[in-house]
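The structure appears below as structure tokens.
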Amino acid sequence: EAQVTQNPRYLITVTGKKLTVTCSQNMNHEYMSWYRQDPGLGLRQIYYSMNVEVTDKGDVPEGYKVSRKEKRNFPLILESPSPNQTSLYFCASSPRTGGSSDGYTFGSGTRLTVV
Amino acid sequence: GDSVTQMEGPVTLSEEAFLTINCTYTATGYPSLFWYVQYPGEGLQLLLKATKADDKGSNKGFEATYRKETTSFHLEKGSVQVSDSAVYFCALSHYSGNTPLVFGKGTRLSVIA
């Protein structure tokens, strides 16, 4: 089944403790992206990647890192999480750069709470 | 920059009522337009899309027409069901370049029996 898989689904952590949210897609998509979803703010892009070893900042990159060493994986790293990073995170992928007319395939989301 | 504006929710309807969720956009050129749906506890799913002016996207009884003259892509359904309760997002994307998918803020729909 074609899908984007995120792990974990739920995570509660403490301020300053490094964490990684994994994202993997099995569709050989070139483009991958991370979004956070917050009430009243909708979805905001954190980082995106147009292909292996190519990543760039989205609208809200502060406090996050990403890497794209393989085409299928695009982990999101929080080196020192803070409470304002409490949010619902989504990974998405698309066949080509920018999504074009194909739309995105989304993961099921990771609900992160930083206390 | 590009932007998408959706009507504020929540929207509460009775089963079998007619649904319209307004969406307008600001963008250069000719973007592709999308509606995504997010059911409770799930990720976003592509509901329908339109890639050029006057195209009509449709799926699961939902429809939206790409209106370039009014820069709109309103979502409609003739008879909603309880199972349509979800958050709906309008979005746009350009064909080329590295522009991301730009989302509206979402509209929560609740359908009551």
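Please treat every number below as a calculation from the coordinates, not as lab data. All values reported here derive from a predicted model rather than from experimental measurement. Note that we place each Cβ from the backbone using ideal geometry, even for glycine, and neighbour counts take in every protein chain shown.
Some observations on this one:
- The stretch A:1-89 shape via C-alpha gyration tensor axes, a/c threshold 1.5: prolate
- Eligible aspartates and glutamates near A:K17 by straight Cα distance, threshold 19 Å, same-chain separation 8 or greater: A:E62, A:E79
- If R0 is taken as 30 Å, the Cβ-Cβ distance between A:T20 and B:Q45 corresponds to a FRET efficiency of 0.70.
- Going from the residue with the fewest nearby Cβ atoms within 10 Å to the one with the most, A:M50, A:M27 rank A:M27, A:M50.
- Taking a ≥ b ≥ c as the square roots of the eigenvalues of the alpha carbon gyration tensor, the stretch B:38-99 is oblate, as a/c is not under 1.5 and a/b does not beat b/c.
- Across all directions, the average projected area of the convex hull around the alpha carbons of the protein assembly as shown is 12.2 nm².
- 14 Å Cα-Cα reach of A:K71 towards aspartates and glutamates, excluding residues that sit fewer than 8 places from it in its own chain: A:E30, A:E53
- Modelled spin-label separation between A:I77 and A:N51, with each label point placed 7 Å from Cα along the Cα-to-Cβ direction: 2.3 nm.
- Those lysines that a straight Cα-Cα span of less than 19 Å connects to B:K60, excepting residues fewer than 8 apart in one chain: B:K49, B:K77
- Per-residue Cβ neighbour counts within 10 Å put A:I12, A:I77 in the sequence A:I12, A:I77, beginning with the fewest.
- By other beta-carbon atoms within 10 Å, ranking B:I112, B:I21 with the fewest at the front produces B:I112, B:I21.
- Tensor-based shape of chain B (alpha-carbon gyration tensor, a/c under 1.5 rounded, otherwise prolate or oblate): prolate
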